[in-house]
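Novice: Before I ask anything, let me first share the structure, which is written out below as structure tokens.
The values are calculated or read from the model by the stated rules, or taken from the named source; none is laboratory data. Because the structure is a prediction, the values reported are computed rather than measured. Quick reminder, even Gly has a Cβ in these numbers, built from the backbone with ideal geometry, and neighbours come from all protein chains shown. Ligands, DNA and RNA are excluded from the accessible area calculation, which covers all protein heavy atoms including side chains. Shrake-Rupley method; radii C 1.70, N 1.55, O 1.52, S 1.80 Å.
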Amino acid sequence: MAEGDNNSVYQLAAETASLEEQLQGWGEVILMTDKVLRWERAWFPLALMSVVSFSFLMIYYLDPSVLSGVSCLVMFLCLADYLVPALAPRIFGSNKTTEQQQRFHEICGNLVKCRRRIVGWWKRLFTLKEEKPKMYFMTMVFTLAVVAWIGQQVHNLFLTYLIVSFLLLFPGLNQHGIITKYIGMAKREINKLLKHKEKKNE
């Protein structure tokens, strides 16, 4: 068991080091993005939501076709992949402090863990398909039907805006304990309701 844990730790360290090497050219941008997403300054959430809202308003105004939208997105990613590694060191400086190096290492480690979780969920889904095909079928049909119903009730662009906004705000909400606070409040309310119901039954 201990040997398996050690192998897992070594593999995680190797994957993290490999990702650090791949993202080295994006290091300064990633560190700046991390500061914005974690709300290191009070005005960062407002700036973040302003940029997101302006971007979606432009998409709504221009109303591009799916092919045009995908082409522009891929073109933007290609330009960023080419320009960012060349320009970022000149704008932010190429020398990272020890604290910045440590934070960059933590970010890469978190990304590797996130990727592992996604792969793990995907494997569990296929395991469920093989071991309990009926449950897999019912779960998939119900989930996709709910998603389809939500998509039918809410405009697709507005729904995408809400999802993107939540994903971008999530790190800051989590960092400042807002999510934990409201989850705790919800749990307390549920416990109160359950206790009240038990007293009624008695």
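Novice: How many percent of the accessible area of region 76-202 is carbon or sulfur, using a 1.4 Å probe? Kindly include the intermediate steps, with their values, before the conclusion.
Specialist: Numbers: 7110 of 10910 Å².
In region 76-202, the share of accessible area belonging to carbon and sulfur is 65 percent.
Novice: Taking 0.36 nm per intervening residue step and subtracting the Cα-Cα distance, what contour gain separates PHE170 from TRP26 on full extension? Spell out each step's value before the answer.
Specialist: Values: separation 144, 0.36 × 144 = 51.84 nm, distance 2.19 nm.
Full-extension gain reported as 49.6 nm.
Novice: Right, next: Accessible area per residue of the chain at 1.4 Å probe, in Å²?
Specialist: Details: 16350 Å² over 202 residues.
Spelled out: the 1.4 Å probe surface of the chain, per residue, equals 81 Å².
Novice: Which whole-number percent gives the relative contact order of region 1-117, counting Cα pairs below 8 Å spaced six or more residues apart?
Specialist: On the way: 39 pairs, mean separation 65.8, N = 117.
Averaging sequence separation for qualifying contacts and normalising by length gives 56 percent for region 1-117.
Novice: First check a/c for region 52-202, with a ≥ b ≥ c the square roots of the eigenvalues of its C-alpha gyration tensor; if it is under 1.5, answer rounded, and if not, answer prolate when a/b is larger than b/c or oblate otherwise.
Specialist: Numbers: a/c = 1.76, a/b = 1.42, b/c = 1.24.
Here region 52-202 falls in the prolate category.
Novice: Here is a follow-up. To the nearest 20 debye, what charge dipole does the chain have about its Cα centre, counting +1 at the Cβ of each Lys and Arg and -1 at the Cβ of each Asp and Glu?
Specialist: Values: 23 positive and 17 negative charges, 214 e Å.
Charge dipole of the chain: 1020 debye, to the nearest 20.
Novice: Read phi for every residue in region 9-25 and hand back ³J(HN,Hα) as whole Hz from Karplus 6.51 cos²θ - 1.76 cosθ + 1.60, θ = phi - 60°, with x for Gly and Pro.
Specialist: Ordered by residue, 3J(HN,Hα) equals 5, 5, 5, 4, 5, 5, 5, 5, 5, 5, 5, 4, 5, 5, 9, 4, x Hz.
Novice: Another question, if that's okay. With a 1.4 Å probe and all protein chains kept in place, how much accessible area does CYS72 have, in Å² rounded to the nearest 10?
Specialist: 80 Å²
Novice: Enumerate the lysines that LYS197 could reach by cross-link, defined here as Cα to Cα under 17 Å, with residues fewer than 8 away along the same chain left out.
Specialist: LYS187
Novice: Here's something else I'd like to know. With a/c under 1.5 counting as rounded, go ahead and sort region 58-120 into rounded, prolate or oblate using the C-alpha gyration tensor (a ≥ b ≥ c being the square roots of the eigenvalues; past the cut-off, prolate if a/b is larger than b/c, else oblate). All intermediate terms of the calculation are to be shown ahead of the outcome.
Specialist: Working: a/c = 3.12, a/b = 1.47, b/c = 2.13.
Taking the square roots of the gyration eigenvalues as a ≥ b ≥ c, region 58-120 is oblate.
Novice: Follow-up. Taking Cα pairs under 8 Å and at least six residues apart, what relative contact order does the chain come out at, in percent?
Specialist: Details: 65 pairs, mean separation 72.5, N = 202.
This gives 36 percent for the chain.
Novice: Here is a further query. Measure nothing fancy, just the Cα-based angle from helix 133-153's long axis to the longest principal axis of the chain, in degrees from 0 to 90, nearest 10.
Specialist: Approximately 70 degrees, to the nearest ten.
Novice: May I ask you to derive the FRET efficiency for SER55 and LYS197 from their Cβ-Cβ distance with R0 = 41 Å, giving the value to the nearest 0.05? Could the numbers behind the result be given before it?
Specialist: On the way: r = 47 Å, r/R0 = 1.14.
For R0 = 41 Å, the calculated efficiency reads 0.30.
Novice: Could the peptides 125-135, 17-27 be put in order, highest first, of the mean number of other beta-carbon atoms found within 10 Å of their residues?
Specialist: Values: 125-135: 10.7, 17-27: 14.6.
Highest-to-lowest ranking by the protection proxy: 17-27, 125-135.
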